[in-house]
1. Starting at the first residue of the stretch 79-92, write each ³J(HN,Hα) from the Karplus equation 6.51 cos²θ - 1.76 cosθ + 1.60 with θ = phi - 60°, in whole Hz, x for Gly and Pro.
2. For the stretch 13-109, what is the charge dipole size about the Cα centre, in debye to the nearest 20, if Lys and Arg each add +1 at the Cβ and Asp and Glu each add -1 at the Cβ?
3. Based on the alpha carbon coordinates of the stretch 13-109, what radius of gyration and maximum Cα-Cα distance (Dmax) apply, in Å?
4. Apply the Debye scattering formula to the stretch 202-271, with a single equal point scatterer on each alpha-carbon and no solvent, then give log10 I(q)/I(0) at q = 0.18, 0.20 Å⁻¹.
5. Place a +1 charge on the Cβ of each Lys and Arg in the stretch 202-271 and a -1 charge on the Cβ of each Asp and Glu, then give the dipole magnitude about the Cα centre in debye, rounded to the nearest 20.
6. Given the options Val259, Leu208, Ser221, identify the residue whose Cα lies farthest towards the positive end of the charge dipole of the stretch 202-271 (+1 on Cβ of Lys, Arg; -1 on Cβ of Asp, Glu).
Amino acid sequence: MERISLAQVNNGERFFRVPKLLFESELYKKMSAESKLLYAILKDRFELSVKNNWIDADGNIYFIFTVEEIGEMLGYGKDKVIKLKKELKKYDLLEEVRQGLNKPNLIYLGSLKVENEAKPLIPAEFGNSDFQNSEIPNSGTLENRIQDFGISEPNDTDSSEPEFSDTDFSLEEEEEKAPQNSEEKNRVNLSRKVDKVTKYDRDYIWNLVHAQLLKENFSQSAADYAMVHFDDRYEYALENMKYASSSERIAEYVFNGIVAEWNQNIRKQQAKRQQNI
């Protein structure tokens, strides 16, 4: 057996992301491990759906993934694949829409349900924002709401990469930004502390960014769509950040970069519609 080295880990091996909720929630305890894996494989195809523009009129992402293709990937026969799909449907995690004779079905994934007692990763509650599946506005109200909980306003630029300067993450800047009054101290205390995770824990940061998108009134499918850019933004942040005081600080800049991508895509779609009028 060849042991996995640090160099191999750093090279970014490709993998499927299986949501922890499938294993931690009582709602999915009885679901088979094979169905959980199939859910992860299907969700991984979001990137392909985005490239192919497989998005319906309601903004929901769909897939085209035949029983034969799934069986080939998992090493299962047709009957086994159909059984796994039926199990996902039983848990409201998969829906199929027929296109017609000799055409593959469109596959929609359902959002995972969170039990009532589950607590969000970001404790602060935001009010309703002014958009749904559209570009994030640059209103003063939104800026104040976001900054109150340690996430700065999204960078609304056409640039494909957020700008990082050497002073963005200097220790001196952190010290200068120390709260000067009780009101600011109370605000800072609302930020979630990093407990029992590494400083740059990837999954933790992914969850923070995803939760923040949902709090900004992205639908589940829109948030998943936007998170297609997470890996690139995360790696870019780690390569360019000179200093970061916490995982939350990294999440903040990854979030801003993802929102910048979202806004840029929205403007491109609007421009195409204008050209077609």
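Nothing in this text is a laboratory measurement; each read-out follows from the coordinates by a stated rule. Values in this document were obtained by computation on a predicted structure and should not be read as measured data. Ideal geometry is used to build each Cβ from the backbone, glycine not excepted, and the neighbour counts take in all protein chains shown.
1. Values per residue, Gly and Pro as x: 4, 5, 5, 4, 4, 5, 5, 5, 5, 5, 5, 4, 9, 6 Hz.
2. So the dipole magnitude of the stretch 13-109 works out to roughly 220 debye.
3. Values for the stretch 13-109 (Cα only, Rg and Dmax): 13.6, 40 Å.
4. Those come out to -0.65, -0.78, one per q.
5. Its charge dipole is roughly 220 debye.
6. Going by the charge dipole, the pick is Val259.
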